[in-house]
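A.B. asks: This is the structure, below, for whatever I ask next.
The values are calculated or read from the model by the stated rules, or taken from the named source; none is laboratory data. Being a predicted model, the structure only gives us computed values, none of them experimental. Backbone-built Cβ (ideal geometry, glycine too); neighbour counts: all protein chains shown. All accessible areas refer to the heavy atoms of the entire protein, side chains included, with ligands and DNA or RNA removed. Shrake-Rupley method; radii C 1.70, N 1.55, O 1.52, S 1.80 Å.
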Amino acid sequence: MDNEKKIAVLIVDDSTEDKEAVRRYLSKSLDNSYLLIEADTGEEGLDILKEKNPDCVLLDFQLPDMDGIDFIRDVIVKSDLKKVPVIMLTGQGDESIAVESLKSGVQDYLVKETLTSDLLLRSIKYAIDKKQSELEQEKYIKDIECALERIKKLEGLLPICSSCKMIRDEKGYWNHIEKYICDHSEAKFTHGICPECAKELYPDVMDDLRSDPDLGV
């Protein structure tokens, strides 16, 4: 386990006893090695988040400078730090807090009084996997939206030169049709020559091919 990458867990909690309990629970893991990073206030937690980029956050609902919901809404959701999975911790079970926490974007909600090593370790794994799945889904949706946007650009009327077949783009520049399509879609070109152009460009070769019964041209 010494050679494995440690899972960095940031705990934002002003209780020394609770932080020590979490450290003890994490040390019992047989599957992973954990690095526990501590913060006593929401502001301190934000600074560490920006600097350390942990794999998961354990967030106490009741902080000295803000509550956990404010931390989520005002700190994480409004920045790139929303990519980090968060587990809310409370001193006692409260269904309304649990619902509000999950709505605000946390991955899980745990009550300190019923916390065990197995429960905490499972929750951390679940939170990390769930957040990763959410990020992959967001990327997939964005990729689809970009692809649809490129398709829309190709669906409109395109100004094309009747002689050289170059296309005028939205900025007024004329581009070869291959370049325009490559820039606005995922299409790639391979080049060949059609029979009509082959007849015009290489008439002798085509006559020889037509006269050979084995080729059947």
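A.B. asks: I'd like the per residue volume of the convex hull spanned by the Cα atoms of the stretch 2-99, given in cubic angstrom.
C.D. replies: Per residue, the Cα convex hull of the stretch 2-99 comes to 111 Å³.
A.B. asks: Still on this structure, please answer the following. Give me the percent of DSSP beta bridges within the chain that run antiparallel, rounded to the nearest 5.
C.D. replies: 20 percent
A.B. asks: Would you mind telling me the share, in percent, of accessible area of the stretch 91-149 contributed by carbon and sulfur at probe 1.4 angstrom?
C.D. replies: 54 percent
A.B. asks: Please report the base-10 log of the normalised intensity I(q)/I(0) for the stretch 106-149, using a Debye sum with one equal scatterer per alpha carbon and no solvent, at each q in 0.21 (1/Å).
C.D. replies: Taking Cα atoms of the stretch 106-149 as identical point scatterers yields -0.70.
A.B. asks: Could you pull out every residue, at least 5 positions away or on a different chain, whose amide H is within less than 5 Å of the one on I7? Hs are placed 1.01 Å off N in the peptide plane, and Pro or chain starts have none.
C.D. replies: Placed amide hydrogens put S33, Y34, L35 under 5 Å from I7.
A.B. asks: Separate question: Taking only Cα atoms and a 10 Å spring cutoff, compute GNM fluctuations for the chain and point out the largest among N53, N175, N32.
C.D. replies: Per the Cα network of the chain with a 10 Å cutoff, N175 tops the list.
A.B. asks: Which Cα, out of M166, L63, Y109, lies furthest along the positive dipole direction of the chain (beta carbon charges, K/R +1, D/E -1)?
C.D. replies: With unit charges placed on the Cβ atoms, the residue in question is M166.
A.B. asks: Follow-up. Taking only protein heavy atoms into account and a 1.4 Å probe, give the accessible area per residue of the chain in Å².
C.D. replies: 67 Å²
A.B. asks: If you line up the Cα atoms of the stretch 35-149 on their principal axes, what length do they span on each, largest first, in Å?
C.D. replies: Result for the stretch 35-149: principal-axis Cα extents of 50, 30, 28 Å.
A.B. asks: Just reorder F61, F189, F71 by solvent-accessible area, largest first, 1.4 Å probe, all chains present.
C.D. replies: Largest accessible area first, the residues go F189, F61, F71.
A.B. asks: Another question, if that's okay. Defining a contact as two alpha carbons under 8 Å apart and six or more residues distant in sequence, what relative contact order in percent does the stretch 30-77 show?
C.D. replies: 35 percent
A.B. asks: Continuing with the same structure: Output the Kirkwood hydrodynamic radius of the chain, Cα pairs only, in Å rounded to one decimal.
C.D. replies: This gives a value of 22.4 Å.
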